[in-house]
Amino acid sequence: MINSSAKSLNKFDSWVLAARPKTLLAAFVPVIIGSSIAAHQTVYKPFVSLIALICAVLIQVGTNFVNDLYDYYTGADSKKRKGPQRALASGLISVTEMKIGITITFGLAFFLGLYLVAISNWIVLLIGVLSIISGIAYTAGPYPLAYNGLGDIFVFLFFGVVGTVGTYYVLTMSIKPVAFWASIPVGALITNILVVNNYRDRDEDKTSGKTTLAVKFGLKFTRIQYVIFMVVSYAILCVVYFTFKQSLIIFLPLLSLPLSIKLIKMIYSLKGKQLNKTLELTAKLSLLYGVLFAFGILL
(Lines give C-alpha, C1' and ligand atoms only; values in the text may rest on other atoms or scores of the structure.)
Protein backbone atom coordinates (compact mmCIF):
# COMPACT_ATOMS: atom_id res chain seq x y z
CA MET A 1 0.00 0.00 0.00
CA ILE A 2 1.28 3.47 -0.91
CA ASN A 3 1.06 5.95 1.94
CA SER A 4 0.07 9.60 1.57
CA SER A 5 3.67 10.84 1.53
CA ALA A 6 4.44 8.42 -1.28
CA LYS A 7 1.55 9.73 -3.37
CA SER A 8 2.88 13.27 -3.17
CA LEU A 9 6.16 12.36 -4.93
CA ASN A 10 6.54 12.37 -8.70
CA LYS A 11 8.83 9.92 -10.48
CA PHE A 12 11.86 12.23 -10.47
CA ASP A 13 11.50 12.91 -6.74
CA SER A 14 11.12 9.17 -6.18
CA TRP A 15 14.47 8.50 -7.85
CA VAL A 16 16.08 11.26 -5.82
CA LEU A 17 14.69 9.64 -2.68
CA ALA A 18 16.06 6.25 -3.75
CA ALA A 19 19.50 7.79 -4.34
CA ARG A 20 19.57 8.89 -0.65
CA PRO A 21 21.08 12.35 -1.32
CA LYS A 22 21.89 13.06 2.35
CA THR A 23 24.37 10.17 2.37
CA LEU A 24 26.01 11.11 -0.95
CA LEU A 25 28.16 13.69 0.83
CA ALA A 26 30.35 10.72 1.72
CA ALA A 27 31.27 10.14 -1.94
CA PHE A 28 32.86 13.60 -2.13
CA VAL A 29 35.27 13.16 0.77
CA PRO A 30 37.74 10.54 -0.56
CA VAL A 31 37.99 12.34 -3.90
CA ILE A 32 38.53 15.71 -2.20
CA ILE A 33 41.26 14.31 0.06
CA GLY A 34 43.01 12.30 -2.66
CA SER A 35 42.94 15.31 -4.99
CA SER A 36 44.22 17.70 -2.32
CA ILE A 37 47.25 15.49 -1.59
CA ALA A 38 48.03 15.34 -5.32
CA ALA A 39 47.58 19.12 -5.66
CA HIS A 40 49.90 19.67 -2.67
CA GLN A 41 52.50 17.78 -4.70
CA THR A 42 51.83 20.11 -7.70
CA VAL A 43 49.72 17.55 -9.60
CA TYR A 44 46.59 19.56 -10.37
CA LYS A 45 44.11 17.91 -12.79
CA PRO A 46 40.65 19.28 -12.00
CA PHE A 47 38.90 17.50 -14.91
CA VAL A 48 40.28 14.13 -13.86
CA SER A 49 39.18 14.79 -10.26
CA LEU A 50 35.71 15.71 -11.52
CA ILE A 51 35.35 12.46 -13.47
CA ALA A 52 36.58 10.51 -10.44
CA LEU A 53 33.99 12.29 -8.29
CA ILE A 54 31.14 11.57 -10.71
CA CYS A 55 32.16 7.89 -10.81
CA ALA A 56 32.28 7.74 -7.02
CA VAL A 57 28.81 9.29 -6.70
CA LEU A 58 27.36 6.96 -9.36
CA ILE A 59 28.80 3.89 -7.62
CA GLN A 60 27.32 5.00 -4.30
CA VAL A 61 23.93 5.72 -5.91
CA GLY A 62 24.02 2.31 -7.62
CA THR A 63 24.89 0.67 -4.30
CA ASN A 64 21.94 2.48 -2.67
CA PHE A 65 19.62 1.27 -5.45
CA VAL A 66 20.77 -2.35 -4.99
CA ASN A 67 20.33 -1.95 -1.23
CA ASP A 68 16.80 -0.63 -1.73
CA LEU A 69 15.94 -3.56 -4.01
CA TYR A 70 17.31 -6.38 -1.86
CA ASP A 71 16.13 -4.94 1.45
CA TYR A 72 12.70 -4.94 -0.20
CA TYR A 73 13.12 -8.56 -1.27
CA THR A 74 14.16 -9.71 2.20
CA GLY A 75 11.61 -7.63 4.08
CA ALA A 76 14.26 -5.55 5.86
CA ASP A 77 12.34 -2.45 4.73
CA SER A 78 8.96 -2.94 6.38
CA LYS A 79 6.15 -0.64 7.47
CA LYS A 80 7.76 -0.55 10.93
CA ARG A 81 10.93 0.96 9.50
CA LYS A 82 12.36 3.77 11.64
CA GLY A 83 14.59 5.20 8.94
CA PRO A 84 13.74 7.44 5.97
CA GLN A 85 11.13 6.32 3.45
CA ARG A 86 12.32 3.77 0.89
CA ALA A 87 11.19 4.09 -2.72
CA LEU A 88 10.56 0.43 -3.49
CA ALA A 89 8.87 -0.48 -0.20
CA SER A 90 6.63 2.60 -0.58
CA GLY A 91 5.55 1.62 -4.09
CA LEU A 92 7.12 4.71 -5.65
CA ILE A 93 9.36 2.68 -7.95
CA SER A 94 8.70 -0.81 -9.30
CA VAL A 95 11.15 -3.71 -9.15
CA THR A 96 11.62 -3.58 -12.92
CA GLU A 97 12.31 0.16 -12.85
CA MET A 98 14.82 -0.28 -10.05
CA LYS A 99 16.68 -3.00 -11.95
CA ILE A 100 16.88 -0.70 -14.98
CA GLY A 101 18.08 2.14 -12.74
CA ILE A 102 20.81 -0.08 -11.26
CA THR A 103 22.01 -1.12 -14.72
CA ILE A 104 22.10 2.46 -16.04
CA THR A 105 23.83 3.87 -12.94
CA PHE A 106 26.60 1.29 -12.77
CA GLY A 107 26.88 1.35 -16.57
CA LEU A 108 27.51 5.10 -16.56
CA ALA A 109 30.08 4.70 -13.78
CA PHE A 110 31.88 2.04 -15.82
CA PHE A 111 31.97 3.97 -19.10
CA LEU A 112 33.02 7.23 -17.46
CA GLY A 113 35.66 5.27 -15.60
CA LEU A 114 37.11 4.12 -18.92
CA TYR A 115 38.40 7.67 -19.37
CA LEU A 116 40.36 7.32 -16.14
CA VAL A 117 41.68 3.97 -17.38
CA ALA A 118 42.71 5.54 -20.70
CA ILE A 119 44.89 8.14 -18.98
CA SER A 120 46.34 5.67 -16.48
CA ASN A 121 46.53 1.87 -16.62
CA TRP A 122 44.78 -1.43 -15.95
CA ILE A 123 45.06 -1.01 -12.17
CA VAL A 124 42.43 1.77 -12.31
CA LEU A 125 40.18 -0.56 -14.34
CA LEU A 126 40.57 -3.22 -11.65
CA ILE A 127 39.75 -0.71 -8.90
CA GLY A 128 36.62 0.43 -10.75
CA VAL A 129 35.36 -3.07 -11.52
CA LEU A 130 35.95 -4.26 -7.95
CA SER A 131 34.16 -1.17 -6.60
CA ILE A 132 31.09 -1.89 -8.75
CA ILE A 133 31.07 -5.61 -7.91
CA SER A 134 31.41 -4.81 -4.20
CA GLY A 135 28.60 -2.24 -4.46
CA ILE A 136 26.32 -4.98 -5.80
CA ALA A 137 27.62 -7.62 -3.37
CA TYR A 138 26.88 -5.27 -0.46
CA THR A 139 23.29 -6.52 -0.34
CA ALA A 140 23.00 -8.92 -3.31
CA GLY A 141 24.45 -12.26 -4.31
CA PRO A 142 24.88 -15.54 -2.42
CA TYR A 143 26.74 -13.90 0.48
CA PRO A 144 25.57 -10.28 0.83
CA LEU A 145 28.12 -8.32 2.86
CA ALA A 146 25.60 -6.17 4.73
CA TYR A 147 23.67 -9.26 5.85
CA ASN A 148 26.73 -11.02 7.21
CA GLY A 149 28.40 -8.38 9.37
CA LEU A 150 30.84 -7.25 6.65
CA GLY A 151 29.16 -4.00 5.65
CA ASP A 152 31.38 -1.89 7.90
CA ILE A 153 34.55 -3.38 6.42
CA PHE A 154 33.26 -2.82 2.87
CA VAL A 155 32.45 0.83 3.53
CA PHE A 156 35.76 1.51 5.29
CA LEU A 157 37.81 -0.09 2.52
CA PHE A 158 36.02 1.19 -0.58
CA PHE A 159 34.75 4.59 0.54
CA GLY A 160 37.85 5.22 2.63
CA VAL A 161 41.05 3.54 1.52
CA VAL A 162 40.22 2.65 -2.10
CA GLY A 163 38.42 5.94 -2.78
CA THR A 164 41.17 8.15 -1.36
CA VAL A 165 44.25 6.21 -2.47
CA GLY A 166 42.62 5.40 -5.83
CA THR A 167 41.95 9.09 -6.54
CA TYR A 168 45.53 9.97 -5.62
CA TYR A 169 46.85 7.14 -7.81
CA VAL A 170 44.90 8.12 -10.93
CA LEU A 171 46.20 11.68 -10.57
CA THR A 172 49.84 10.89 -9.84
CA MET A 173 50.35 7.28 -11.00
CA SER A 174 51.99 6.59 -7.65
CA ILE A 175 51.10 5.61 -4.09
CA LYS A 176 52.56 7.45 -1.12
CA PRO A 177 52.16 6.56 2.59
CA VAL A 178 50.45 9.89 3.29
CA ALA A 179 47.57 8.94 0.94
CA PHE A 180 46.99 5.76 2.92
CA TRP A 181 47.14 7.48 6.32
CA ALA A 182 44.82 10.23 5.12
CA SER A 183 42.31 7.61 3.97
CA ILE A 184 41.82 6.21 7.48
CA PRO A 185 39.80 9.12 8.97
CA VAL A 186 37.87 9.29 5.70
CA GLY A 187 36.90 5.64 5.99
CA ALA A 188 36.20 5.85 9.73
CA LEU A 189 33.82 8.81 9.51
CA ILE A 190 31.99 7.46 6.46
CA THR A 191 31.64 4.06 8.14
CA ASN A 192 30.07 5.83 11.12
CA ILE A 193 27.15 6.75 8.84
CA LEU A 194 26.48 3.02 8.47
CA VAL A 195 27.07 2.46 12.20
CA VAL A 196 24.26 4.90 13.08
CA ASN A 197 21.99 3.30 10.49
CA ASN A 198 22.61 -0.20 11.88
CA TYR A 199 22.27 1.03 15.47
CA ARG A 200 18.86 2.54 14.71
CA ASP A 201 17.61 -0.50 12.75
CA ARG A 202 18.98 -3.25 15.00
CA ASP A 203 15.61 -4.71 16.02
CA GLU A 204 14.16 -4.69 12.49
CA ASP A 205 17.37 -6.12 11.03
CA LYS A 206 17.40 -8.93 13.60
CA THR A 207 13.81 -9.84 12.72
CA SER A 208 14.51 -9.89 8.98
CA GLY A 209 17.71 -11.92 9.32
CA LYS A 210 20.09 -9.08 8.49
CA THR A 211 23.11 -9.81 10.71
CA THR A 212 24.88 -6.46 11.06
CA LEU A 213 27.54 -5.88 13.71
CA ALA A 214 24.85 -4.16 15.79
CA VAL A 215 22.75 -7.33 15.63
CA LYS A 216 25.73 -9.62 16.28
CA PHE A 217 27.37 -7.73 19.15
CA GLY A 218 24.63 -5.46 20.53
CA LEU A 219 23.94 -1.77 21.03
CA LYS A 220 26.69 -1.14 23.59
CA PHE A 221 29.31 -2.45 21.16
CA THR A 222 27.89 -0.27 18.37
CA ARG A 223 28.09 2.88 20.50
CA ILE A 224 31.70 2.08 21.40
CA GLN A 225 32.46 1.40 17.74
CA TYR A 226 31.08 4.82 16.83
CA VAL A 227 33.22 6.54 19.48
CA ILE A 228 36.38 4.65 18.49
CA PHE A 229 36.00 5.70 14.86
CA MET A 230 35.61 9.31 16.01
CA VAL A 231 38.74 9.13 18.16
CA VAL A 232 40.78 7.43 15.42
CA SER A 233 39.75 10.10 12.91
CA TYR A 234 41.29 12.88 14.98
CA ALA A 235 44.25 10.86 16.30
CA ILE A 236 45.40 10.04 12.75
CA LEU A 237 46.04 13.76 12.19
CA CYS A 238 49.19 13.36 14.28
CA VAL A 239 50.43 10.58 11.98
CA VAL A 240 49.66 12.66 8.87
CA TYR A 241 51.44 15.64 10.40
CA PHE A 242 54.67 13.70 10.90
CA THR A 243 54.33 11.96 7.52
CA PHE A 244 53.89 15.28 5.72
CA LYS A 245 56.39 17.10 7.96
CA GLN A 246 54.37 20.25 7.35
CA SER A 247 52.85 22.99 9.51
CA LEU A 248 50.26 22.66 12.27
CA ILE A 249 47.58 23.78 9.79
CA ILE A 250 47.09 20.07 9.09
CA PHE A 251 45.14 19.98 12.37
CA LEU A 252 42.43 22.20 10.87
CA PRO A 253 39.85 19.33 11.11
CA LEU A 254 39.90 19.81 14.90
CA LEU A 255 37.47 22.67 14.26
CA SER A 256 34.84 19.97 13.65
CA LEU A 257 35.43 18.41 17.08
CA PRO A 258 32.43 20.14 18.77
CA LEU A 259 30.10 18.50 16.24
CA SER A 260 31.73 15.12 16.91
CA ILE A 261 31.16 15.49 20.65
CA LYS A 262 27.54 16.46 20.02
CA LEU A 263 27.05 13.36 17.86
CA ILE A 264 28.52 11.06 20.50
CA LYS A 265 26.07 12.49 23.03
CA MET A 266 23.23 11.96 20.53
CA ILE A 267 24.00 8.29 19.89
CA TYR A 268 24.09 7.67 23.65
CA SER A 269 20.82 9.48 24.33
CA LEU A 270 18.55 9.12 21.28
CA LYS A 271 16.53 6.16 20.01
CA GLY A 272 14.46 5.13 17.01
CA LYS A 273 13.51 7.80 14.51
CA GLN A 274 15.34 10.43 16.58
CA LEU A 275 18.55 8.90 15.24
CA ASN A 276 17.68 10.01 11.69
CA LYS A 277 19.05 13.44 12.62
CA THR A 278 22.18 11.79 14.01
CA LEU A 279 22.58 9.94 10.70
CA GLU A 280 22.26 13.17 8.71
CA LEU A 281 24.71 15.06 10.92
CA THR A 282 27.20 12.18 10.81
CA ALA A 283 27.23 12.45 7.01
CA LYS A 284 27.69 16.22 7.27
CA LEU A 285 30.54 15.74 9.74
CA SER A 286 32.37 13.51 7.25
CA LEU A 287 32.12 16.26 4.64
CA LEU A 288 33.05 19.07 7.06
CA TYR A 289 36.06 17.10 8.32
CA GLY A 290 37.02 16.28 4.72
CA VAL A 291 36.87 19.89 3.54
CA LEU A 292 38.89 21.11 6.55
CA PHE A 293 41.37 18.28 6.04
CA ALA A 294 41.75 19.15 2.36
CA PHE A 295 42.40 22.81 3.19
CA GLY A 296 44.90 21.76 5.85
CA ILE A 297 46.75 19.63 3.29
CA LEU A 298 46.74 22.33 0.61
CA LEU A 299 47.76 25.17 2.94
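For the range 54-86, a tally of residues being farther than 19 Å from residue 103 by Cβ and modelled with pLDDT of 85 or more returns 0.
Scanning the range 228-247 for residues that are in contact with a Phe, Trp or Tyr (Cβ under 9 Å, 6 or more places away or on another chain) and among the β-branched types (Val, Ile, Thr) gives 236, 239, 240, 243. Consider residue 124 against the criteria (1) within 19 Å of residue 107 (Cβ to Cβ); (2) assigned to a loop (DSSP other than H, G, I, E, B): it satisfies all of them except one. Which criterion is unmet? The single condition residue 124 does not satisfy is (2).
Go through the residues of the range 145-161 one by one and say whether even a single one is within 24 Å of residue 233 (Cα to Cα), of a type outside the set (A, V, I, L, M, F, W, C), modelled with pLDDT under 95 and in contact with a strand residue (DSSP E or B) (Cβ under 7 Å, 6 or more places away or on another chain). Among the residues of the range 145-161, at least one is within 24 Å of residue 233 (Cα to Cα), of a type outside the set (A, V, I, L, M, F, W, C), modelled with pLDDT under 95 and in contact with a strand residue (DSSP E or B) (Cβ under 7 Å, 6 or more places away or on another chain), which makes the answer yes.
Within the range 260-287, residues that are surrounded by fewer than 20 Cβ atoms within 10 Å (Cβ to Cβ) have Cβ atoms under 6 Å from residues that are not in a helix (DSSP H, G or I) in these pairs: 272/82; 273/82, counting only partners at least 6 apart in sequence or on another chain.
Please find, among 7, 99, 45, the residue that is modelled with pLDDT under 85 and not polar (S, T, N, Q).
7
Search the range 84-121 for residues being of a type in the set (A, V, I, L, M) and part of a loop (DSSP other than H, G, I, E, B), and hand back the single one that is farthest from residue 21 (Cα to Cα). Checked the range 84-121; the qualifying residue farthest from residue 21 (Cα to Cα) is 119. Screening the range 17-65 for residues that are β-branched (Val, Ile, Thr) and surrounded by fewer than 24 Cβ atoms within 10 Å (Cβ to Cβ) and picking the one that is farthest from residue 87 (Cα to Cα) gives 42. Checking each residue of the range 173-192 against the condition of being in contact with a Lys or Arg (Cβ under 7 Å, 6 or more places away or on another chain) and farther than 14 Å from residue 56 by Cβ gives no match.
Can you find, within the range 245-259, the residue that is modelled with the highest pLDDT among those that are over 17 Å from residue 232 (Cα atoms) and surrounded by 11 or more Cβ atoms within 10 Å (Cβ to Cβ)? Break it down stepwise before answering.
We begin by selecting, within the range 245-259, every residue over 17 Å from residue 232 (Cα atoms); these are 245-249.
In the following step, the residues that additionally are surrounded by 11 or more Cβ atoms within 10 Å (Cβ to Cβ) were identified as 246, 249.
Working: 246: 69, 249: 90.
By that ranking, first place goes to 249.
The residues listed here are 167, 139; of these, the one that is among the polar types (S, T, N, Q), modelled with pLDDT of 90 or more and surrounded by 14 or more Cβ atoms within 10 Å (Cβ to Cβ) is 167.
Figure legend. Inter-residue proximity from the range 102-116: first residues under 21 Å from residue 138 (Cβ atoms), second residues aromatic (Phe, Trp, Tyr) and part of a helix (DSSP H, G or I), beta-carbon distance below 8 Å, spacing 6+ or different chains. Indicated pairs: 102/65; 105/65. State yes or no: is residue 210 touching a residue at least 60 places away in the same chain (Cβ under 8 Å) and within 20 Å of the chain's Cα centre (by Cα)? Yes; evaluated as a whole, the condition is true for this residue. None of 261, 249, 236, 228 is over 22 Å from the mean Cα position of the chain (by Cα), within 27 Å of residue 179 (Cα to Cα) and either assigned to a loop (DSSP other than H, G, I, E, B) or β-branched (Val, Ile, Thr) (or both) except 249.
The values are calculated or read from the model by the stated rules, or taken from the named source; none is laboratory data. In this text the structure is predicted, and so the values were computed from the model without any measurement. Methodologically, a virtual Cβ is constructed for each residue, glycine included, from the backbone with ideal geometry; neighbour enumeration extends over all protein chains shown.
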